[in-house]
Amino acid sequence: MKAFLMFRDHDFDLKGKLPSNEQALTQDLELNTVFNSMALGDEFLFEVARRAVLSGLENDLSTILYRQDILRDCLKNPSIVRDIYNVAVEAIGSEKKVYFGYYFSKYPSSILSRSIEVLQIFVVMLKKLKNIADRHAGKFESEGFTTLFTMLKKELSNEYFAIVENHLRELKLRDGVLISAELGEGNKGTNYILRKSQEERQSWIERIFAKKPPVYTFKLHPRDENGARALSELRDRGINLVANALAQSTDHILSFFSMLRMELAFYVGCLNLHVQLTEIGEPVSFPVPVANRERKHSLEGLYDVCLALTMKQKIVGNDMNADSNNLVIITGANQGGKSTFLRGIGLSQLMMQCGMFAPAESFSSNICDCLFTHYKREEDVTMKSGKLDEELSRMSDIVDKITPNSMILFNESFAATNEREGSEIARQIVSALLEKRLKLFFVTHLYEFAHGFVDKKTENAFFLRAERQADGGRTFKLVEGEPLQTSYGEDLYNMIFDDKGTEACSQRNNVE
Amino acid sequence: MTFQSILFERTDDSIKKETLEAPVFFVDLNLDQIIDAITVGKQEYNLKPFFYTPLNAIDAIKYRHEIFRDLENKKLFEDIKSFSQKMRTMREHLAKGDKLYYKYQKERWFLETIEIYCDAVNRLFRDLSLADLKSRGFLAFREYLTDYANSERFTSLLAETKKLFDDLSSVKYCMLIKDASIKVRKYASEIDYSAIVEQTFEKFKQGGVKDYRVRFLGGPADMNHVEAAVLDLVAKLYPDTFLYLDNYFVKNSNYLDETIGVFDREIQFYVAYLEFVKTFERAGLKFCYPQISDKSKEVYDYEGFDLALACKLEKSSVVCNDFYLKGKERIFVVSGPNQGGKTTFARTFGQLHYLASIGCPVPGREAQLFLFDRLFTHFEKEEDIKNLRGKLQDDLVRIHSILDQATSDSIIVMNEIFTSTTIQDQIFLSKKLIEKIIGLDLLCVWVTFIDELASFTEQTVSMVSTVVPENPTLRTYKIVRRPADGLAYAIAIAEKYQLTYDDLKERIKS
């Protein structure tokens, strides 16, 4: 039995490999803000959210759509989904409460009796699941939930529960233990196997022994304590295998519950996030992913989830229609929303690829194999050559790993030298990557570099500019537009040194 | 030709009485360390007597060389080792079984012992019949083994053993344990309960899970009285099988063939030596089968080394040395700086000749060695230098006794003799002694400080220990054939302090 809520045909792996640049992604896109909102303080939810989002780049189109359908069901029936999740949590919790110490694990008889106890609890939990399936299955439309509920109904029939309960009763072995054995090395008994008679339960053992001679009996002297120990060891050898089988079955059911819990945890996280975004009035929509070979990127009202969650208010959304463009160059005013936009691009891509809704009124893009961020790092600014060195080394690491359908977000890269050199480095790198059809978003102040692509009339380049109003104020809205020679540093200077601008500045600092 | 022994072709060659006492020169030549290293881990075979007894015929040495060469075949070597391993297991099994208490347990252990034995013999028989053997020793042994493996005695032992095993392995019984009683009867195809459990919960199977099977302490030798009681009841269920087992136990107490047993021990002489050799060969050191002569005293060895020293050192830092004696040359006079490998050279010469005399391959790329009648050593022991007069006297007495016993076929290895007297005395005594040795025409290595001995006559050859010229404190441990001028060392030190003639001309500017 499998939950299969994350993938149509296999389990979600909480220990799977994450992209090698997960740390950079987490830092540059401030992913922890999203994870925290999904987790609401629950460590487990946090970890599942983290894993699911970061491993999302591996998903194919159909997996994304499969999860989107399940998420739609969850958004329709949030309380039922949380109920199922809670059953799984309760089952796992009660198993932990049944004591199982080191001492116990040395005796098959204690392993057996513990397993029986745990299984009795599991039976109750499985019945709860079954009831939910019986009562609510009709409200769910997604393939994932339909399959799960159908399976629960089919596998957990009343007859099945009766069989299990019967075994649990019999395995308490109140009528004695019937064990088969053979002679091993040194004529010592071996291959001990617990046997079940094929006849009726009632006095079955006695009957076998009554009608099939010869039978010889050994009786222990009442005061023979060593003998009693030896006898109980013999009994333990006999039930060793069955105790193992039962304990392993317990583990299997436990891991079914764990898997159910883990896979639902992702959706519970999505529900949590959804509640918060709805509260602040931000829209969400189910994105339309297209194949990784295509080039598409169009969006309306895209916002940076992290900023919205941090500020707890609706923020300015952006539109863009860069279908068939490989390169998006973003220039313009300082603190004009460039970085926010870039982060929004990265976040929406990750959210789409893990099967979530997108933080936008509408969103569509091609899926990418890998997502890289190449951000300016706030290291020692005085050591310019060292810093450029560091930047290029990071770039080289990225180049080691890229595939043609990767996406790279550059944020003021290669600016750790003078503009001319920086531009030339950036130009060479970007030109090469473009020829390999990679998708690039580049926030830059390097005018020469940015404008170079305008001059060359690079067909698949798209230009966005942070807007500046006539009075020097910002709208935080990006518009399509070619790079301008100044980045309004003067504005910023004026704002900071001008009394009137102080308030506005502190507000904008929040944004950047 | 009937097979006698893998160590000796003829019975009259064999050791009349195995000695546990090493020859007197063993300690001086560090041969005790070598033999210890060779036989370590093989104490149960008591191999040392074989290493303590030199051979006195060239053919007896060749008999062993042939066997060594056969064993260089990796397959054969592994076959022999696996045979030995089985025989060892058999002995251990027998010994453990002897200590057991319950009758049917003890008898089963005995049965298992014989099964191991039969398997060992059969495997060896099969392996040897496929092997490409050339040595007289192995060919004769194979013939013996073939006869034995096909003999009525062995084949019926094998058949009985197999039948008993089959019978016992078909025994299958059921126990009903309830309260303080166990009922025992034959098994009647009841269902495996763990299979039912697995089947019931099959649908939950999720991949790998922990193994909860408990490992019970105690091996097959441990049987408590409850198990023994059950075994007795099982014996009642299968009376014929257990009666057969009783008889088998009584009948086969002398199952082991004596010649096979002796072979198992004696072949370890070769196995142990070859395994020892391999540890050196892996480091690039060479071994060879020396030419042995009992007439020509022209001996040589190229790339030889001190085996005892090599055991202690990093194998890669072992220094090899060459030597040869031609025509009338008989005596190596070794001089040069201390700690330069002089004593090592002398020991190597003695070791090589001794190892050759027991029929073993020796360190070196190529060697010709002499089959000596006696080997004498005279090594000084520093801690004895308390009583000067007594010590010198003692030296002289010992030397005298050696010269009395030595023949022209003997070898003498001497290390810094007569040091407990004045240099004039030393020169005088040494000259007297060397005259006597030359008179005997025997092979000799003499480590000494006295340069004058080196060029004494045409019978003496001067060997000198050397240093690295750039850094005289570094010894090369190379011993080279060169006149003993005592200069090499001095010049090297001078170079180090830039005090050579040329250096000084440079440094002292007018």
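Every read-out reported here was derived from the displayed coordinates using simple, explicitly stated rules and does not represent laboratory data. The shown structure was predicted, so the numbers you read here are calculated from the model rather than taken from an experiment. Because the Cβ atoms are built from the backbone with ideal geometry, glycine has one as well, and the counts that use them run over all protein chains shown.
Short version: ³J(HN,Hα) in whole Hz for each residue of the stretch A:140-149, in order, from phi by Karplus 6.51 cos²θ - 1.76 cosθ + 1.60 (θ = phi - 60°), x for Gly and Pro, what are they?
Karplus values, whole Hz, x for Gly and Pro: 10, 10, 5, 4, x, 5, 4, 4, 4, 5.
Which is farthest toward the positive dipole end of chain A among A:Phe442, A:Val53, A:Val454, measuring Cα position about the Cα centre, with Cβ charges +1 (Lys, Arg) and -1 (Asp, Glu)?
Highest projection toward the positive end goes to A:Val53.
May I ask you to list the lysines whose Cα is less than 29 Å away from that of B:Lys432, ignoring any residue fewer than eight positions away on the same chain?
B:Lys295, B:Lys297, B:Lys326, B:Lys328, B:Lys342, B:Lys381, B:Lys386, B:Lys391
State which stretch of chain B is the longest one without any exposed chymotrypsin sites (Phe, Trp or Tyr not before Pro), exposure meaning a DSSP loop state and at most 11 other Cβ atoms within 10 Å.
Longest stretch, sites excluded: B:102-496.
Given the -39500 (n - 2.57) contribution per DSSP H run of 4+ residues, what per-residue ellipticity at 222 nm results for the protein assembly as shown, rounded to the nearest 500 deg cm²/dmol? Write out the running numbers ahead of the final one.
On the way: 34 runs with 513 residues, N = 1022.
Taking each H run of at least 4 residues, the total per residue is -16500 deg cm²/dmol.
Please order A:Glu185, A:Glu412 by the number of other Cβ within 10 Å, starting at the fewest.
Lowest count first: A:Glu185, A:Glu412.
How much length would be gained if the chain were fully extended between A:Glu141 and A:Ser393, taking 0.36 nm per residue of separation minus their Cα-Cα distance, in nm to one decimal? Display every interim value, and only then the final one.
Numbers: separation 252, 0.36 × 252 = 90.72 nm, distance 4.95 nm.
Extra length available between A:Glu141 and A:Ser393 comes to 85.8 nm.
Report the gain in length on full extension from A:Ile280 to A:Ser79: 0.36 nm times residue separation, minus Cα-Cα distance, nm rounded to one decimal.
Residue separation times 0.36 nm, minus the Cα-Cα distance, leaves 70.2 nm.
Which chymotrypsin sites (Phe, Trp or Tyr not before Pro) in the stretch A:8-100 sit in a loop by DSSP (not H, G, I, E or B) and have at most 11 other Cβ atoms within 10 Å of their own Cβ?
A:Tyr99
Can you give the FRET efficiency to the nearest 0.05 for B:Lys17 and B:Leu130, using r as the Cβ-Cβ distance and R₀ = 45 Å?
Step by step, r from the Cβ atoms, then E = 0.75.
Quick one: order B:Ile34, A:Ile179, B:Ile196 by neighbouring beta-carbon count within 10 Å, fewest to most.
Listing B:Ile34, A:Ile179, B:Ile196 from fewest to most nearby Cβ atoms yields B:Ile196, B:Ile34, A:Ile179.
Please identify which residues in the stretch B:126-145 have an amide N closer than 12 Å to a label point set 7 Å out from the Cα of B:Ser82, following the Cα→Cβ vector.
Under cut-off, by backbone N: B:126-128.
Return the subset of A:Lys456/A:Lys477; A:Lys130/A:Lys172; B:Lys42/B:Lys86; A:Lys127/B:Lys203 for which the Cα-Cα distance in this structure is over 19 Å, preserving the input order.
A:Lys456/A:Lys477; A:Lys130/A:Lys172
Say the dipole of chain B comes from +1 at the beta carbon of Lys and Arg and -1 at that of Asp and Glu; which of B:His93, B:Val271, B:Leu133 then lies farthest toward its positive end?
Most positive-ward Cα: B:His93.
Place a +1 charge on the Cβ of each Lys and Arg in chain B and a -1 charge on the Cβ of each Asp and Glu, then give the dipole magnitude about the Cα centre in debye, rounded to the nearest 20.
Working: 70 positive and 77 negative charges, 205 e Å.
The calculated dipole for chain B is roughly 980 debye.
Compute, for the protein assembly as shown, the length of the dipole vector about the Cα centre, with Cβ point charges of +1 (Lys, Arg) and -1 (Asp, Glu) only. Units Debye, rounded to 20.
Using Cβ point charges on Lys, Arg, Asp and Glu, the protein assembly as shown gives about 2760 debye.
Once R0 is set to 22 Å, what does the formula 1/(1 + (r/R0)^6) return for the Cβ-Cβ distance between B:Lys326 and B:Lys295, expressed as a FRET efficiency to the nearest 0.05?
About 0.90, to the nearest 0.05.
For A:Lys15, list the lysines whose Cα falls under 20 Å from its own Cα; do not include residues on the same chain fewer than 8 positions away.
Within reach: A:Lys2, B:Lys205, B:Lys210.
Write out the chymotrypsin sites (Phe, Trp or Tyr not before Pro) in the stretch A:250-312 meeting two conditions: DSSP loop, and at most 12 other Cβ atoms within 10 Å of their Cβ.
Taking the stretch A:250-312 and a limit of 12 other Cβ atoms within 10 Å, no loop chymotrypsin sites (Phe, Trp or Tyr not before Pro) are found.
Are there GluC sites (Glu not before Pro) in the stretch B:1-105 that DSSP puts in a loop and that have at most 12 other Cβ atoms within 10 Å, and which ones? Mind showing how you got there, number by number?
Working: sites: B:Glu9, B:Glu18, B:Glu21, B:Glu44, B:Glu66, B:Glu72, B:Glu78, B:Glu92; in loops: B:Glu9, B:Glu18, B:Glu21, B:Glu72.
Hits after loop and neighbour filter: B:Glu18, B:Glu21, B:Glu72.
Can you tell me the 0 to 90 degree angle between the C-alpha axis of helix A:158-170 and the longest principal axis of chain A, rounded to 10?
Here the helix axis deviates by roughly 50 degrees.
Can you tell which of B:Leu237, A:Cys74, A:Val123 lies farthest toward the positive end of the dipole of the protein assembly as shown, using +1 and -1 charges on the Cβ of basic and acidic side chains (Lys, Arg; Asp, Glu)?
Farthest towards the positive end: B:Leu237.
Size of the dipole of the stretch B:110-204 about the Cα centre, Lys and Arg at +1 and Asp and Glu at -1 on the beta carbon, nothing else charged, in debye to 20?
Magnitude of the dipole: close to 100 debye.
Give me B:Glu314, B:Glu366 sorted ascending by neighbouring Cβ count inside 10 Å, so fewest comes first. Please report the intermediate quantities before stating the final value.
Values: B:Glu314 8, B:Glu366 15.
By the 10 Å Cβ count, ascending, the order reads B:Glu314, B:Glu366.
Could you tally the net charge around B:His225, taking each other residue with its Cβ under 15 Å from the Cβ of B:His225, Lys/Arg +1 and Asp/Glu -1? Please report the intermediate quantities before stating the final value.
Working: positive: A:Lys188, A:Lys219, A:Arg223, A:Arg229, B:Lys103, B:Lys106; negative: A:Asp224, A:Glu225, A:Glu233, B:Asp222, B:Glu227, B:Asp232.
Combined, the nearby Lys, Arg, Asp and Glu give 0.
Does the protein assembly as shown come out rounded, prolate or oblate by the C-alpha gyration tensor, with a ≥ b ≥ c the root eigenvalues, rounded set by a/c under 1.5 and, if not, prolate when a/b is larger than b/c and oblate if not?
Oblate.
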